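Trainee: My questions all concern the structure below.
The values are calculated or read from the model by the stated rules, or taken from the named source; none is laboratory data. What you are looking at is a predicted structure, and each value in this text was computed from that prediction instead of being measured. As a convention, Cβ positions derive from the backbone with ideal geometry for all residues, glycine included, and neighbour counts pool all protein chains shown.
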Amino acid sequence: MAAPDFWSSQERAQETIGRLKSLRAIVKPVSEVIKSAGDLAAMLELAEEDDGYAAEVRAEIERLETSLDGLELKALLNGPHDMATAVVSINARDGGTDANDWAEMLLRMYTQWAQKNDYDVSLLDRQDNEQAGINSATISIRGPMAYGYLKGENGIHRLVRISPFNSEGKRQTSFAAVDVAPEVPDEDEIEINREDLREDTYCASGAGGQHVNKTESAVRLTHLPTGVVAACQNERSQHQNRALAYKMLRAKLVRRREEQQEAKQAAKYQNQSKVGFGSQIRSYFLHPDQRVKDARTGYGETNFHSVLDGNLQGFFDSYLRWRMKNVGPDGDDEE
């Protein structure tokens with residue numbers, strides 16, 4: 001970072017800063033625990049001479065144990081892309097207008113989580129529904145271990161509530177799909193042949209001013225061999241949207257390959273891993289009672305609104321433990 005040409009490439013500079021933040025998120029708490037452990041030895045000597053220090057020693061041991069538990073969880077974030085920026089796509093599924101509203105609620109939930117943890121959030125694409133909510137949206141979340149934490153959100157999220165869009169006040173079940181992929185540098189890992197792509201351009205919808213809405217600035221890329229689609233409309237020029245759409249497509253192809261490797265790992269551990277896109281991973285209830293429960297880990301919380309306000313760490317931690325037990329360590333599958 002001290003090199004004179006460090007900022008000559010803004011994109012690479014941001015990637016380096018992101019890696020630095022991720023490393024500091026590990027190194028700093030490790031250093032603090034090591035220092036506290038050294039101080040604890042001195043506290044124990046004082047406690048042997050004066051019983052008044054006993055309560056202070058117990059409190060310090062409990063604090064250190066909590067810190068170590070947190071470090072053990074972070075040690076599980078050892079996948080090849082766990083430090084990467086997360087590209088989060090949300091799509092309304094079954095449930096009509098309720099599903100569109102639910103998709104927008106999830107968009108807000110992940111944005112709130114990112115902001116509370118001082119992560120950078122950028123809106124890449126948003127398709128509003130005519131009645132309420134969104135048809136789909138894609139955001140990027142940049143911060144320490146962003147993809148490592150968010151990759152467990154991949155799948156179907158179910159909401160059960162009294163529908164605000166039903167005049168009869170009936171209970172409605174609606175679904176939204178969340179797809180999380182790692183953003184990878186252009187030169188890394190995935191090679192995309194132009195002949196394998198179909199590009200469509202169209203007028204951007206929603207906010208953005210006359211220029212954005214009247215010109216075909218939005219870009220949609222379809223990878224024909226896999227059917228993977230990436231679209232971007234948030235930038236003013238078609239060139240900028242095309243560049244971002246390529247990044248999103250690469251991220252989704254990397255995630256697709258990861259899922260294939262995870263399926264092999266799960267088979268080795270003789271378990272069926274429900275981490276693929278399309279599996280129902282979590283249910284959110286507003287009726288008859290308020291609660292949120294993860295179908296994979298069994299972890300749940302009773303404060304529905306707290307979860308929707310972005311307090312997701314309990315679900316992230318439980319998923320990391322579950323994944324280690326059911327899928328095994330990250331990394332390439334060994335024959």
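Trainee: Can we say Leu76 is over 30 Å from Arg12 (Cβ atoms) and surrounded by 14 or more Cβ atoms within 10 Å (Cβ to Cβ)?
Mentor: Values: over 30 Å from Arg12 (Cβ atoms): no; surrounded by 14 or more Cβ atoms within 10 Å (Cβ to Cβ): yes.
Here the answer is no, as Leu76 does not meet what is asked.
Trainee: Which condition number does Gly298 fail, the rest of (1) at negative phi; (2) surrounded by fewer than 14 Cβ atoms within 10 Å (Cβ to Cβ); (3) at pLDDT 85 or above being met?
Mentor: (1) is the only condition that Gly298 fails.
Trainee: Please go through the range 89-135 and give me each residue that is under 12 Å from the mean Cα position of the chain (by Cα), within 18 Å of Asp179 (Cα to Cα) and outside any helix (DSSP H, G or I), ordered by number.
Mentor: Ser89, Ile90, Val121
Trainee: Those residues that are within 19 Å of Pro182 (Cα to Cα), among the hydroxyl-bearing types (Ser, Thr, Tyr) and loosely packed, with under 15 Cβ neighbours inside 10 Å, I need them from the range 10-54; list them, please.
Mentor: Residue satisfying the conditions is Thr16 alone.
Trainee: What residue, among those in the range 277-294 that are small (Gly, Ala, Ser) and surrounded by fewer than 16 Cβ atoms within 10 Å (Cβ to Cβ), is modelled with the highest pLDDT?
Mentor: Residues of the range 277-294 small (Gly, Ala, Ser): 278-279, 283.
Adding the requirement that they be surrounded by fewer than 16 Cβ atoms within 10 Å (Cβ to Cβ) leaves 278-279.
Numbers: Gly278: 44, Ser279: 60.
Looking at residues that are small (Gly, Ala, Ser) and surrounded by fewer than 16 Cβ atoms within 10 Å (Cβ to Cβ), I get Ser279.
Trainee: Going through Glu72, Glu48, Glu65, Glu11 one at a time, which residue ends up being assigned to a helix (DSSP H, G or I) and touching a Pro at 6+ places or on another chain (Cβ under 9 Å)?
Mentor: Every option except Glu11 fails the conditions.
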